[in-house]
Amino acid sequence: MIIRFSRGALPAAVAAALLAGCSSSSGTTGAATGTASPAATAGTPSAAPTPTATPTPTPKPTGEADPALKPFYGQQIAWAPCADDPATDKVDESTVQCGRLRVPLDYANPAGDTLEVAVVRNPAVKQDQRVGSLLLNPGGPGGSGVAMVKRNPRRFEGPLHDRFDTIGFDPRGVGETTPLSCLDDRTRDEWSTTDAPGADHGKVLADACQAKYGKVLPFVGTRNTARDMDVLRAALGDKKLNYLGLSYGTYLGSLYAEEFPDRVGRVVLDGAVDPSVSLVQHNIAQYAAFERSLKAFAADCTGKNPCPLGKDPEKAADKLADFLDGLKEKPLTAASGRKLTANAAWTAVIDGLYGDEQGWESLRNDIGWAMVRDRGDYLLARADDSNHRDKEGRYSVSADAYTAIHCADGATDVPTGEALQAAYAEMAAKAPLLTRHEPSLAVFDPDCRAWPFRSAEKAHPIVSKSDATIVVVGSTGDAATPYASAEKLTAQLGKAVLLTREGEGHTGYGWSACIRTAVDTYLVDGTVPAAGTRCASDPAQ
């Protein structure tokens with residue numbers, strides 16, 4: 001099954017809910033421009049490629065102190081009202097401002113090619129009490145910060161919008177910033193839902209991305225985006241970075257704290273990723289957490305009426321897994337003629353486990369339509385939402401950005417031989433129901449084995465020398481980014497405080513008024529939550 005949520009990508013429907021109480025991507029191409037070309041990434045992708053030299057930016061760029069970067073740090077963004085999208089009749093995008101930020105494609109060669117980062121700004125309501133700018137990242141990798149702000153400008157009404165210019169930006173490869181769209185929609189349909197991926201499944205995407213974006217791929221990693229974020233901070237006129245990052249956005253914020261410790265302002269990392277573990281180990285922990293959530297959902301179902309999983313809480317999860325796996329041999333046909341495969345159905349179920357218990361009724365009903373009435377339309381719609389496919393069959397760039405950014409972040413360092421067999425065994429032991437359908441797509445999520453270059457980035461504990469206190473938010477029932485990751489990240493950051501939400505669901509800000517109040521107070525006033533603070537789940541108001 002192909003479940004794209006490593007490092008914590010938020011399914012589109014869940015992302016809106018999380019921040020409404022508290023992404024999809026579209027836009028024009030922002031191709032790299034300039035005359036000088038960065039070093040080429042030679043080598044043809046293969047199932048077991050030979051590592052090639054990668055034009056990785058300098059480990060510790062000097063930022064705005066570097067004379068070569070001064071033109072980027074000194075630029076001013078030309079703001080203008082965003083174009084209103086007639087397709088979104090309930091939102092007037094022209095109420096927020098759009099701009100572009102020019103950054104080096106390769107920070108080791110700032111005189112070479114450049115690219116433009118798409119940025120939007122929703123100015124603070126109380127300009128006379130303005131704290132500064134608050135940069136936002138919705139997760140992914142692949143989530144669009146531009147869409148996050150532009151398509152719901154009232155999302156942060158209250159203390160944050162009163163006192164901050166809320167800033168959304170699209171990281172490299174995402175949305176309107178050099179968007180990566182490697183596969184055509186028809187190929188993506190098959191690639192995303194097939195129950196028979198084949199040995200060259202990952203190579204199909206790798207070859208397509210290399211052919212279209214080979215020059216850009218080595219530079220879309222998170223560390224470069226963190227550097228872009230510092231240029232954006234300076235262009236906005238802020239001495240320190242104020243930032244709210246969700247899910248994968250916590251990894252981006254962590255790398256920023258490591259790269260620019262003296263520029264860290266008020267930073268909140270919600271739904272934390274542990275940067276010290278490899279992607280494979282992260283996947284194992286994540287699938288184990290989703291296995292727990294699946295069993296909790298199934299057991300809860302047996303106490304409801306009707307429940308398609310029967311009345312025995314000990315057998316309900318197995319019954320569901322048997323049905324979903326059975327779709328591999330007997331897929332259901334939707335009204336559109338498309339097939340609900342086992343892959344798509346599993347993706348849909350996992351998508352439903354991103355939320356808290358309030359969303360379980362809807363998931364239970366969708367499963368019932370498939371199991372009892374042989375109607376797979378509702379689960380297929382969930383899978384489409386998770387895969388960022390719209391009703392017209394068009395895919396956003398999020399899926400390809402997800403893989404490209406992961407591979408640039410070091411996911412090319414994959415286990416082989418005995419280490420790989422050990423990973424398979426550990427995955428099977430900790431998530432037997434979720435991974436028996438197709439274990440390789442669980443271990444390699446995403447599959448970077450055929451990627452055209454090898455990243456120099458490696459998993460490592462974040463070491464930040466910042467004097468600022470960073471607030472980390474962890475939820476005890478979060479399957480996408482397990483609570484243990486929040487504990488580990490807090491310890492790595494040193495001067496950090498862990499804010500805990502008790503309950504199911506991914507991230508905390510949108511599921512708890514208590515969490516929301518603590519985060520807003522910290523961002524607006526600088527008041528750090530007391531160590532050991534724990535909050536209950538409830539709809540944030």
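The values are calculated or read from the model by the stated rules, or taken from the named source; none is laboratory data. The shown structure was predicted, so the numbers you read here are calculated from the model rather than taken from an experiment. Backbone-built Cβ (ideal geometry, glycine too); neighbour counts: all protein chains shown. These area figures cover heavy atoms from the full protein model, side chains too; ligands, DNA and RNA do not enter into them. Shrake-Rupley method; radii C 1.70, N 1.55, O 1.52, S 1.80 Å.
Dipole of the chain (Lys/Arg Cβ +1, Asp/Glu Cβ -1, origin at the Cα centre): which of 265, 147, 301 lies farthest to the positive side? Projecting each Cα onto the dipole axis, the largest value belongs to 265. With the Kirkwood sum run over all distinct C-alpha pairs, the stretch 95-223 has a hydrodynamic radius of 16.8 Å. Extension gain for residue 527-residue 476 works out to 16.0 nm (0.36 nm per residue, less the C-alpha to C-alpha distance).
Beta bridges per DSSP, both residues in the chain: antiparallel share near 40 percent. Think of the stretch 479-541 as having a plus end and a minus end, set by charges on the Cβ of Lys, Arg, Asp and Glu; of 508, 537, 493, 493 sits farthest toward the positive end of this dipole.
Each peptide in 188-197, 117-126 was scored by the mean count of other Cβ atoms within 10 Å over its residues; highest first, the order is 117-126, 188-197. Note on residue 328 and residue 90: their simple-model spin labels are 4.0 nm apart, each label 7 Å out from Cα toward Cβ. Rounded to the nearest whole Hz, the Karplus-based 3J(HN,Hα) values (6.51 cos²θ - 1.76 cosθ + 1.60, θ = phi - 60°) of the stretch 170-175 follow the sequence 9, x, 3, x, 10, x, with x at glycine and proline. With K and R counted +1 and D and E -1, the other residues having a Cβ less than 11 Å from that of residue 333 yield a net charge of +2. Given a cut-off of 29 Å, name the pairs among 90/328; 212/458; 319/339; 70/488; 239/465; 90/240 whose C-alpha atoms lie farther apart than that in the structure shown. The answer is 90/328; 70/488; 90/240.
Solvent-accessible surface of the chain, averaged per residue with a 1.4 angstrom probe and all protein chains in place: 37 square angstrom. Applying 0.36 nm per residue to the separation of residue 200 and residue 281 and subtracting their alpha-carbon distance, the gain on full extension is 26.9 nm.
Sorting 360-370, 74-84 by their mean Cβ neighbour count within 10 Å, with the most densely packed peptide first, gives 360-370, 74-84.
Computed from point charges on the beta carbon alone (+1 for Lys and Arg, -1 for Asp and Glu), the dipole magnitude for the chain about its Cα centre is near 480 Debye. Dividing the C-alpha radius of gyration of the chain by 2.2 N^0.38 Å, with N its residue count, gives 0.92.
Extension gain, residue 534-residue 70: 0.36 nm per intervening residue step, less the Cα-Cα distance, totals 162.7 nm.
The amide H of residue 501, built 1.01 Å from its N in the peptide plane, has 474, 475, 476, 535 as neighbours under 5 Å, considering only residues 5 or more places off or on other chains. Within the accessible area of the chain, the carbon and sulfur atoms contribute 52%, probe 1.4 Å, all protein chains present.
Taking 7 Å steps out from each Cα toward its Cβ at residue 491 and residue 186 produces label points 5.3 nm apart. Of the residues 229, 371, the one with the largest accessible area comes first in the ranking 371, 229, computed with a 1.4 Å probe on protein heavy atoms. With θ taken as phi - 60° and the Karplus curve 6.51 cos²θ - 1.76 cosθ + 1.60 applied, the whole-hertz 3J(HN,Hα) list for the stretch 330-342 is 10, x, 8, 9, 7, 4, 6, x, 6, 9, 8, 7, 4 Hz, x standing for glycine and proline.
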